[in-house]
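S.K.: Attaching a single structure in structure tokens format; questions to follow.
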Amino acid sequence: MSEDSGTTKPRIRAKARVVPIAVDDDSLYEVRQKVYPRAVSGVFAHWRWALVWFTQILYYGLCWLPWNDRQAVLFHLVERKFYIFGWVFWPQDVFYLAVLLIISAFSLFLFTAVAGRLWCGYACPQTVYTEIFMWIEEKIEGDRARRMKLDAAPASPRKFAIKAAKYGAWGAVSLWTGITFVGYFTPIRELLPAMFQFDIGGWELFWALFYGGFTYLMAGVMREQVCKYMCPYARFQSVMFDADTLTITYDTLRGEPRGSRRKGEDHRAAGKGDCVDCGICVQVCPTGIDIRNGLQIECIGCAACIDACDQVMDKMNYPPGLIRYSTENAIRQKWDGRAILRHVLRPRVLIYSTALLILCVAFLWSLSTRSALRVDVIKDRRTLAREVEGEFIENVYTLQMMNMAERAQRFGIQVSGIDGARIDGASEVGMDPEQNRSLTLRVRTPMDAAPKGSHAIYFEVKGLDDPDLHAREKSVFTMP
Amino acid sequence: MKLVLVLWPSFFVAGLAEALFFTLVNPHELYLLGQPVDWSPLATYSVGFFAFWFVCAASSLATMFLARPLQEGGSPAA
């Protein structure tokens with residue numbers, strides 16, 4: 001939606017206006033005007049709050065959930081293991097993390113192609129914490145007008161007290177957020193008592209304050225600037241948009257020419273559009289933009305302007321939806337909801353969906369068939385083979401065994417591939433829960449079992465308590 | 001704001017580098033100036049992160065410095 005592209009294409013912006021971001025070459029940013037968003041209620045505000053509750057109950061609560069005598073979700077850096085409910089992931093499982101990241105990326109592509117910045121508007125931590133911080137601000141400092149008045153007022157004990165209360169409440173939320181964050185890496189049920197006894201490790205304290213401090217800075221102080229200047233997604237999301245992407249759109253054809261009017265006046269006859277130019281859509285915007293200027297990079301898709309405008313339309317007895325979720329094509333060709341939905345299933349969306357589906361199925365399949373036993377066989381390179389007792393050839397191997405289950409297991413080991421091959425010594429091994437063990441095995445074959453050279457040999461490891469656990473590894477047996 | 005431009009992308013990349021590096025390398029297997037690193041794992045991870053951040057920030061700073069527009073006569077703009 002750049003200003004100078006597509007000369008013959010009808011524009012949906014009636015009064016497009018370029019807001020310069022760079023004032024000159026040296027200063028990279030315009031001087032920030034503090035945004036005082038006005039609180040808003042309505043359908044989309046309810047959705048936003050539902051998502052705040054959902055994500056934050058998840059975030060603050062999940063670290064307290066127990067599972068088999070341990071924390072259900074714990075990224076235990078000290079032990080280098082990630083616990084997620086029944087699963088234990090080892091560094092060897094980084095593959096799953098990579099696939100999970102790819103799935104997240106494709107989900108983001110899909111959601112963005114269908115309905116724009118859903119992530120930004122409803123689920124991004126920046127939005128969620130800003131929402132919480134703005135709620136605290138509104139409760140302590142009052143509504144938009146009172147906040148502006150307070151900021152403009154000279155310093156006074158009352159102003160100081162109000163500001164101190166607000167910063168104190170923000171600080172408390174931030175601190176708890178920081179402690180919770182550290183609680184995902186150090187068991188929180190041990191962390192918190194240690195904290196109250198001032199017995200917390202220096203790094204734990206540091207990271208709690210670091211994360212808490214940045215929560216405060218980003219949700220309390222920087223707010224929309226994070227989205228405007230720091231967020232990489234905001235910069236590249238435009239490549240995922242097309243003319244059929246649902247975005248928050250001001251219906252220019254219906255709204256313009258805007259202007260004030262008396263209630264009950266036949267504004268159509270007076271040549272006016274439905275926009276009463278009350279400016280409330282601008283006041284509620286957390287990034288301080290005017291949606292009537294068209295889709296802008298600053299718009300995080302929070303839909304606050306939709307709620308605000310619908311309330312005004314309701315007061316004026318006009319139909320709602322002057323600002324609504326719509327697409328560029330729909331506005332231009334005056335499509336109804338069904339026509340918009342028909343255009344959702346376009347090649348881009350189908351490709352993203354297919355890729356996402358395949359990845360998800362592969363991920364779940366791989367996760368459900370993941371074995372808790374892992375075996376690596378390493379042949380001893382120092383002595384390739386030796387003759388023992390005048391009738392056997394012996395090769396030595398090291399078995400790297402991992403029992404990734406959270407319970408002790410016994411395993412039986414067998415060799416096959418060469419006639420008469422057997423393990424000299426114990427062929428059973430017991431392993432503790434989550435144990436890594438390396439085992440030296442001597443394998444003997446009769447001297448005449450195979451001709452001179454290298455022969456394939458197979459190590460079969462089977463769980464004695466759990467026959468589903470088995471591994472078969474190939475190695476080489478050398479006959480001198 | 002220029003500070004953000006240096007510190008933020010480097011923070012981002014340092015986080016990725018940290019995750020990748022310590023997935024592949026166990027902190028107990030590290031040697032510093034010939035001595036095994038015997039700090040607590042959390043300390044190793046933390047120091048590692050800040051080392052990555054510092055290096056990435058240095059790179060961002062150098063990029064910022066070189067990206068400054070040249071004024072007439074070839075001297076960089078103030």
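The values are calculated or read from the model by the stated rules, or taken from the named source; none is laboratory data. Treat the numbers as computed from the prediction; the structure is a model and nothing was measured. Backbone-built Cβ (ideal geometry, glycine too); neighbour counts: all protein chains shown.
S.K.: Within segment B:9-47, track down each residue that is within 8 Å of chain A (Cβ to nearest Cβ) and outside any helix (DSSP H, G or I).
M.R.: B:Asn26, B:Ser40
S.K.: Take A:Phe392 and decide whether it is in contact with a strand residue (DSSP E or B) (Cβ under 6 Å, 6 or more places away or on another chain) and aromatic (Phe, Trp, Tyr).
M.R.: Against the criterion (in contact with a strand residue (DSSP E or B) (Cβ under 6 Å, 6 or more places away or on another chain) and aromatic (Phe, Trp, Tyr)), A:Phe392 qualifies.
S.K.: Could you please find all residues in segment A:79-90 being surrounded by 14 or more Cβ atoms within 10 Å (Cβ to Cβ) and within 14 Å of chain B (Cβ to nearest Cβ)?
M.R.: Scanning segment A:79-90 gives A:Arg80, A:Lys81, A:Phe82, A:Phe89, A:Trp90.
S.K.: When you check A:Phe44 against the structure, is it closer than 28 Å to A:Gly288 by Cα, at pLDDT 80 or above, touching an Asp or Glu at 6+ places or on another chain (Cβ under 9 Å) and not in a strand (DSSP E or B), yes or no? Step through it out loud before you land on a result.
M.R.: Details: closer than 28 Å to A:Gly288 by Cα: yes; at pLDDT 80 or above: yes; touching an Asp or Glu at 6+ places or on another chain (Cβ under 9 Å): yes; not in a strand (DSSP E or B): yes.
Yes, satisfied.
S.K.: Please state which one of A:Arg262, A:Arg235, A:Arg292 is closer than 29 Å to A:Ile132 by Cβ and more than 14 Å from every other protein chain (Cβ to nearest Cβ).
M.R.: The match here is A:Arg292.
S.K.: In segment A:424-438, how many are part of a strand (DSSP E or B) and surrounded by fewer than 18 Cβ atoms within 10 Å (Cβ to Cβ)?
M.R.: Looking only at that region, the number is 7.
S.K.: Continuing with the same structure: Please work out which one of (1) within 14 Å of chain B (Cβ to nearest Cβ); (2) surrounded by fewer than 16 Cβ atoms within 10 Å (Cβ to Cβ); (3) outside any helix (DSSP H, G or I) is the condition A:Val221 fails and give its number.
M.R.: (3)
S.K.: Quick one: which helices (runs of 4 or more DSSP H) sit completely within segment A:328-380 and have at least 1 residues that are more than 30 Å from A:Leu253 (Cα to Cα)?
M.R.: Where helices (runs of 4 or more DSSP H) fall fully within segment A:328-380 and carry at least 1 residues being more than 30 Å from A:Leu253 (Cα to Cα), they are A:347-368.
S.K.: Report yes if A:Leu205 is assigned to a helix (DSSP H, G or I) and either over 30 Å from B:Leu42 (Cα atoms) or in contact (Cβ under 8 Å) with a residue 12 or more places away in the chain (or both), otherwise no.
M.R.: Details: assigned to a helix (DSSP H, G or I): yes; either over 30 Å from B:Leu42 (Cα atoms) or in contact (Cβ under 8 Å) with a residue 12 or more places away in the chain (or both): no.
Taking the combined requirement at face value, the residue does not satisfy it.
S.K.: Taking the condition surrounded by 14 or more Cβ atoms within 10 Å (Cβ to Cβ) and within 41 Å of the chain's Cα centre (by Cα), does A:Gly463 pass?
M.R.: yes
S.K.: Is it the case that A:Val43 is of a type outside the set (D, E, K, R) and either away from chain B (no Cβ under 14 Å) or touching a Phe, Trp or Tyr at 6+ places or on another chain (Cβ under 7 Å) (or both)?
M.R.: Spelling it out, A:Val43 is indeed of a type outside the set (D, E, K, R) and either away from chain B (no Cβ under 14 Å) or touching a Phe, Trp or Tyr at 6+ places or on another chain (Cβ under 7 Å) (or both).
S.K.: Among what's in segment A:68-78 and is more than 14 Å from every other protein chain (Cβ to nearest Cβ) and under 24 Å from A:Cys360 (Cβ atoms), pick the residue that is surrounded by the fewest Cβ atoms within 10 Å (Cβ to Cβ).
M.R.: A:Ala72
S.K.: Still on this structure, I have one more. Mind telling me which of the residues B:Ser75, B:Ser60, B:Ser40 ends up being closer than 28 Å to A:Val226 by Cα and either modelled with pLDDT of 85 or more or not charged (D, E, K, R) (or both)?
M.R.: Only one candidate passes the filter, namely B:Ser60.
S.K.: Also, quick follow-up: Any idea which of (1) within 14 Å of chain B (Cβ to nearest Cβ); (2) over 29 Å from A:Leu62 (Cα atoms) is the one A:Tyr184 doesn't satisfy?
M.R.: Every listed condition holds for A:Tyr184 apart from (2).
S.K.: Ok, one more. Of all residues in segment A:208-217, count the ones that are touching a residue at least 24 places away in the same chain (Cβ under 8 Å) and within 11 Å of chain B (Cβ to nearest Cβ).
M.R.: 1
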